[in-house]
Amino acid sequence: MREGYAAAMPANAYNWVAVWRRNFLAWRKVALASVLGNLADPMTNLFGLGLGLGIIVGRVDGTSYIAFLAGGVVATSAMTSATFETMYAAFARMHAQRTWEAILCTQLTLGDIVLGELAWAATKAVLAGTAIAIVAATLGYAAWASILYLIPVIAITGFVFASLAMVVIALAPSYDYFVFYQTLVITPMVFLCGAVFPVNQLPSAFQHVAGLLPLAHSVDLIRPAMLGLPTGGIGLHIGALCMYAVLPFFLSIALFRRRLMR
């Protein structure tokens, strides 16, 4: 059994690129519509909440509410882009289209496929998150110098939530089950992790819970950089995100091996 699990791991450090490239070539045909679709919801949140509630809320932690919100929107857009790419597009390639079965007939392993899908979802997250950051910087809500720093953080965030979503699609029998993950995990995380209001406004018990969630670590890295403020606990935040990226990756391979190779 151990030998079987080892055979399902990535064969080497570069096979996943073939899966990433296959997804990129397919996406390129609908790139404009895809980019606009990924930007519509976060831009609506940024301006709808930022300008609407900003008038009522005023300044938050010494900055305007819309500038405060921009960092949360960048993090949540990376989270949702990677999550939805994995849950719907990757699940379709695995379940309905059976693309994964065709790829497994080549020299690629199951681990190569999963890693390639995660890398592609992280790429989509980078496109979505960076676009929001550029808009925020253009309007003066973020520092331009922060964007280069943000790209790797957004990429890690995308990888984290794609990895978590991989576990979901490995267990879900059909698309109908994704709504439970969206409503019970993703949506509460947005409100618990400081994306739309400071975590210190929550009861202490919820603050402790928020500190354990991956989106909180992403927001704590992205927001100070966008506002030109010093970031504390960088090692802790990056270490937590890496743990959330790596552990679900290995778990998903085990689950997919049981599902696809029995």
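Here is a yes/no grid of residues against (1) open to solvent by 20 Å² or more (accessible area, probe 1.4 Å); (2) over 15 Å from the mean Cα position of the chain (by Cα); (3) among the basic types (Lys, Arg):
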| position | (1), (2), (3) |
| --- | --- |
| 145 | yes, yes, no |
| 153 | no, no, no |
| 165 | no, no, no |
| 181 | yes, no, no |
| 186 | no, no, no |
| 191 | yes, yes, no |
| 212 | yes, yes, no |
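Can you tell me how many residues within the range 193-235 are assigned to a helix (DSSP H, G or I) and within 23 Å of residue 126 (Cα to Cα)? Even if it seems obvious, please write down each step before you answer.
Of the range 193-235, the ones assigned to a helix (DSSP H, G or I) are 199-201, 204-210, 214-227, 234-235.
Next, only the ones that are within 23 Å of residue 126 (Cα to Cα) stay: 214-227, 234-235.
Looking only at that region, the number is 16.
Does residue 160 count as within 27 Å of residue 115 (Cβ to Cβ), part of a helix (DSSP H, G or I) and in contact (Cβ under 8 Å) with a residue 12 or more places away in the chain? Talk me through it step by step, then tell me what you get.
Details: within 27 Å of residue 115 (Cβ to Cβ): yes; part of a helix (DSSP H, G or I): yes; in contact (Cβ under 8 Å) with a residue 12 or more places away in the chain: yes.
The answer is yes for residue 160.
I'd like the residue in the range 27-71 that is of a type in the set (Val, Ile, Thr) and assigned to a helix (DSSP H, G or I) and, out of all such residues, is nearest to residue 140 (Cα to Cα). Before you say what the answer is, go through the steps one by one.
Initial filter on the range 27-71 (of a type in the set (Val, Ile, Thr)): 30, 35, 44, 55-57, 60, 63, 66.
Now restrict to residues that are assigned to a helix (DSSP H, G or I): 35, 44, 55-57, 66.
On the way: 35: 22, 44: 18, 55: 17, 56: 20, 57: 19, 66: 10 Å.
Only one residue tops the list, namely 66.
Out of the residues in the range 233-247 that are among the small types (Gly, Ala, Ser) and without any contact (Cβ under 8 Å) to a residue 12 or more places away in the chain, state the one that is most open to solvent (accessible area, probe 1.4 Å). Please lay out each step first, then the result.
Of the residues in the range 233-247, the ones among the small types (Gly, Ala, Ser) are 233, 235, 239-240, 245.
From what's left, without any contact (Cβ under 8 Å) to a residue 12 or more places away in the chain: 235, 239.
Values: 235: 59, 239: 41 Å².
The residue in question is 235.
Results for (1) closer than 23 Å to residue 161 by Cα; (2) open to solvent by 20 Å² or more (accessible area, probe 1.4 Å); (3) of a type in the set (Ser, Thr, Tyr); (4) at pLDDT 80 or above, shown as yes or no for each residue.
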position	(1), (2), (3), (4)
28	yes, yes, no, yes
32	no, yes, no, yes
43	yes, yes, no, yes
48	no, yes, no, yes
62	no, yes, no, yes
65	no, no, yes, yes
69	yes, no, no, yes
75	yes, no, no, yes
78	yes, no, no, yes
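If only one of 209, 196, 168 is closer than 24 Å to residue 46 by Cα and either touching a Gly at 6+ places or on another chain (Cβ under 9 Å) or modelled with pLDDT of 90 or more (or both), which one is it?
Values: 209 fails: closer than 24 Å to residue 46 by Cα; 168 fails: closer than 24 Å to residue 46 by Cα.
Going through 209, 196, 168 in turn, just one is closer than 24 Å to residue 46 by Cα and either touching a Gly at 6+ places or on another chain (Cβ under 9 Å) or modelled with pLDDT of 90 or more (or both): 196.
The values are calculated or read from the model by the stated rules, or taken from the named source; none is laboratory data. What you see is a predicted model; the values in this text were computed from it and never measured. Don't worry about glycine lacking a Cβ; one is built from the backbone with ideal geometry, like all the others, and counts go over all protein chains shown. Ligands, DNA and RNA are stripped out before the accessible areas are found, and what is left, the full protein with its side chains, is counted by its heavy atoms. Shrake-Rupley method; radii C 1.70, N 1.55, O 1.52, S 1.80 Å.
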